[in-house]
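Here is the structure we will look at.
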Amino acid sequence: MSFETAYSGIGRLDRLSYRDTVVHRLDPRAKVVATLLFVVVVVSFPKYEVLSLLPFFLFPVLIGALGDIPAGFIARKVVAVSPFAVFVGIFNPLFDPSTVAIAPGVSVSAGWVSFASILVKFALTISAALLLIATTSFPGICRGLRRLSVPALFVSQLLFLYRYIFVLME
């Protein structure tokens, strides 16, 4: 991915956040709390759970559809950062060679199951975070964080980062 492509992606996420849909009009605090709870619940699943995580794809699909966010754009962003998740889990099949029965008479390495679980959790959490940014302006997220009693110093740092990332990219 080139620098120009990455820059236009950040700008596009910012532009998407100012649309006027039912999701965009929700209170930023509600969206931040819902996304945080979603991430905590997804991450809390055991490492050998894959099929139990699949219904959680309903949340990003619903938010994306109600917010009129292009699914292909979010999917490309998730794929662009997926090498990090692949790198984290790629050695699981080597470190966890025990077998797990996934169906009667069918067993696979537990490492492959945990690797799949890492990838699914990654896709769910990153897509939820991207959809939060695409449906709420970053200043709106920061205002919501501040009203949720997040320390002002932390919120100010986020706002400075947001403001100057565009300046640095220019």
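The values are calculated or read from the model by the stated rules, or taken from the named source; none is laboratory data. Only a predicted model underlies this, so the values are computations on that prediction, with no experimental measurement involved. Here the Cβ is made from the backbone with ideal geometry for all residues, glycine too, and neighbour counts use every protein chain on show. What goes into the accessible areas is simple: the full protein's heavy atoms, side chains included, and nothing from ligands, DNA or RNA. Shrake-Rupley method; radii C 1.70, N 1.55, O 1.52, S 1.80 Å.
Give me the net charge for the shell around residue 29: Cβ to Cβ below 9 angstrom, other residues only, Lys and Arg +1, Asp and Glu -1.
Every neighbour counted, the sum reads +2.
If you bin every alpha carbon distance in the stretch 106-170 into 10 Å steps from zero, what whole percent lands in each bin?
Final binned percentages: 18, 30, 25, 16, 9, 1.
Just going by the charge dipole of the chain, with Lys and Arg at +1 and Asp and Glu at -1 on Cβ, which of 39, 87, 22 is farthest out on the positive end?
22
Could you quote the convex hull projected area for the stretch 64-163, Cα atoms only and averaged over all directions, in nm²?
9.6 nm²
How high is the relative contact order of the chain, in percent, with contacts defined as C-alpha pairs under 8 Å that are six or more residues apart?
Values: 158 pairs, mean separation 59.3, N = 170.
The normalised contact order for the chain reaches 35 percent.
In debye, nearest 20: dipole of the stretch 10-94 around its Cα centre with unit charges on the Cβ of K, R (+) and D, E (-)?
180 debye
Roughly how big is the stretch 1-143's charge dipole about its Cα centre, with Cβ charges of +1 (Lys, Arg) and -1 (Asp, Glu), in debye to the nearest 20?
The dipole magnitude comes to about 300 debye.
Sorted by mean Cβ packing within 10 Å, highest first, what order do the peptides 79-87, 122-130, 20-28 take?
122-130, 20-28, 79-87
If you take the Cα Rg of the chain and divide it by 2.2 N^0.38 Å, with N the number of residues, what do you get?
So the chain has a normalised radius of gyration of 1.18.
Could you give the accessible area per residue of the stretch 41-133, probe 1.4 Å, as a whole number in Å²? Walk me through the numbers before you get to the answer.
On the way: 5270 Å² over 93 residues.
Accessible area per residue, the stretch 41-133: 57 Å².
Just the number, please: carbon plus sulfur as a percent of the accessible area of the chain, 1.4 Å probe, no ligands or DNA/RNA counted.
Working: 7400 of 10240 Å².
The nonpolar share, carbon plus sulfur, comes to 72 percent.
Hey, with R₀ at 22 Å, roughly what FRET efficiency would residue 34 and residue 66 work out to, going by the Cβ-Cβ distance, to 0.05? Mind dumping the intermediate values first?
Values: r = 13 Å, r/R0 = 0.57.
The pair residue 34/residue 66 has a calculated efficiency of 0.95.
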